[in-house]
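Reviewing the structure listed below.
The values are calculated or read from the model by the stated rules, or taken from the named source; none is laboratory data. Predicted model only: the values in this text are computed from it and were never measured. Every residue, glycine among them, receives a Cβ derived from its backbone with ideal geometry; neighbour counts consider all protein chains shown. Side chains are part of the model used for accessible areas, which takes the heavy atoms of the whole protein and leaves out ligands, DNA and RNA. Shrake-Rupley method; radii C 1.70, N 1.55, O 1.52, S 1.80 Å.
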Amino acid sequence: MLESDTRHLRLVRIAAWILVALIVAVTLVPIGLRPVVTANPSIERIAAYALAGLLMMVGYPRHRLQVLIGSVLLAGGLEAAQTLTSTRHGRIDDFLVKAGAALAGAVAGLGVTAAAARRPTRVPDR
């Protein structure tokens, strides 16, 4: 693996974990503090979880099963944790949207990693 590939992988992993931390924070803060980006919160959920699934799969290509299971556990765990807050509520339909989006993003990440594996390796000029 080239040094630049290692650097890119490290950046993808950092971005993935930052996004997961943001998802956790936004999911568990009181509803009045939740940022609103679109008029439809389902679009926000889908985008956040799909991107997290994609980044995790690209960042950890050798841990496919763990990324898939972790994506579902993250969605379920955060929905369950919302029931512990006074201003939020965990719902099955929200869990299904989030888990489905995370899995879709992870599957897209499989495609990205497969395409990257097929690209020819550049040999540095001498």
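Whole-percent P(r), the range 1-77, all Cα pairs, 10 Å bins from 0: 17, 45, 26, 10, 1.
For the pair residue 28 and residue 62, what calculated FRET efficiency results from E = 1/(1 + (r/R0)^6), where r is the Cβ-Cβ distance and R0 = 35 Å, to the nearest 0.05? Calculated value: 0.70. Taking all protein chains as they are arranged and a probe of 1.4 Å, the heavy atoms of residue 86 leave approximately 120 Å² accessible to solvent. Inverting the pair-averaged 1/r between distinct Cα atoms of the range 33-126 gives 14.6 Å as its Kirkwood hydrodynamic radius. Just want the answer: with Cβ charges of +1 for Lys and Arg and -1 for Asp and Glu, which residue in 53, 120, 85 is farthest toward the dipole's positive end in the chain? Final value for the positive-end residue is 120. Put the Cα centre of the range 1-50 next to the Cα centre of the range 62-126 and the gap is 10 Å. Averaged over residues, the count of other Cβ atoms within 10 Å places the peptides 24-33, 102-111 in the sequence 102-111, 24-33, highest first. When the chain is treated as a Gaussian network with alpha carbon springs shorter than 10 Å, the biggest mean-square fluctuation among 11, 55, 19 belongs to 11.
Take residue 38: with every protein chain present and a 1.4 Å probe, its accessible area is about 50 Å². Filter the DSSP H helices in the chain by two things, a Kyte-Doolittle mean of at least 0.0 and an axial alpha-carbon span of 30 angstrom or more, and list the hits by number. Helix filter hits for the chain: 3-28, 92-118.
Probing with 1.4 Å while keeping every protein chain in the model, the per residue accessible area of the range 66-111 equals 50 Å². Extension gain for the segment residue 15 to residue 43, taken as residue separation times 0.36 nm less the Cα-Cα distance, is 8.1 nm to one decimal. The share of accessible area on the range 38-124 that comes from carbon and sulfur is 70 percent, using a 1.4 angstrom probe. Placing +1 on each Lys and Arg Cβ and -1 on each Asp and Glu Cβ, with no other charges, gives the range 37-116 a dipole about its Cα centre of roughly 160 debye.
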